[in-house]
Ligand SMILES: Cc1cc2nc3c(=O)[nH]c(=O)nc-3n(C[C@H](O)[C@H](O)[C@H](O)COP(=O)(O)O)c2cc1C
């Protein structure tokens, strides 16, 4: 009998503790505004082979953001992008920093000042952000904006590229960023965007 009473009290205590934890978690969750709450968001991206483009479109769609593509005037062909060929366009640009000043169709976004958050996407080239994004970064003032980078790559991580973009950019509260596989799954993209909104 005594054993039953002890077990009953223990059971009540455990249920009580679990309920308290659940209520506390819910309250915390509800009272912490996410990064995109009530913010005007723009997804800016460059993509040479459409992988980053697909991810960018899905991100913009999931959060209902506007979208802007960074486009080189002289677009990269498949031959240009063949990094296994020593004198391909990307190989030459990689070897000589002076060749990385890529002219863009447009560096300015309509109503740039109205955006609070910029989600900034690009492929990784030789461990860095693909350099066609550089002229966009240096042509715009990110002061007062939160910048959340994302990239696609085969295996490289995003950290190195974010550090360099942050140094290159004027202003902006640059966040950690997110790397996706070239063929990122919809669920992974949705899970990430859900953590922001
Ligand atoms: C010139 C070049 C260099 C690349 N360098 C890397 C690299 O250093 N690390 C990596 O993981 N992937 C690298 N990749 C693979 C791309 O990052 C990956 O395929 C990316 O998803 C391409 O995005 P996009 O289709 O939007 O251009 C490279 C691709 C190219 C064309």
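A short reminder: the numbers here are calculations on the coordinates, not readings from a lab. Note that the structure is predicted; figures quoted are calculated from it, not measured. Reconstructed Cβ throughout: ideal geometry from the backbone, glycine too, with neighbour counts over all protein chains shown.
Computed values, structure above
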read-out	value
Length gained when the stretch residue 159-residue 13 is fully extended (0.36 nm per residue, less Cα-Cα span)	48.0 nm
Angle in degrees between helix 51-63 and the longest Cα principal axis of the chain, rounded to the nearest 10	40 degrees
Inter-site label distance for residue 40 and residue 100 at 7 Å from Cα along Cβ, in nm	3.3 nm
Between helix 159-168 and the chain: long-axis angle, C-alpha atoms, 0 to 90°, nearest 10	60 degrees
Computed [θ] at 222 nm, helices only, for the chain once each DSSP H run of length n ≥ 4 contributes -39500 (n - 2.57)	-12500 deg cm²/dmol
Full-stretch length increase - residue 107, residue 61 - with 0.36 nm per residue and alpha-carbon distance subtracted	14.3 nm
Length gained when the stretch residue 71-residue 185 is fully extended (0.36 nm per residue, less Cα-Cα span)	38.6 nm
Relative contact order computed over the chain (Cα-Cα under 8 Å; 6+ residues apart), in percent	21 percent
Largest-first principal axis extents, alpha carbons of the chain, Å	86, 39, 28
Tail fraction, Cα-Cα pairs, the range 129-181, threshold 17 Å, whole percent	32 percent
Nearest-ten-degree value, helix 2-31 long axis tilted from longest Cα axis of the chain	30 degrees
Estimated FRET transfer efficiency (residue 195, residue 2; beta-carbon r; R0 35 Å; 0.05)	0.10
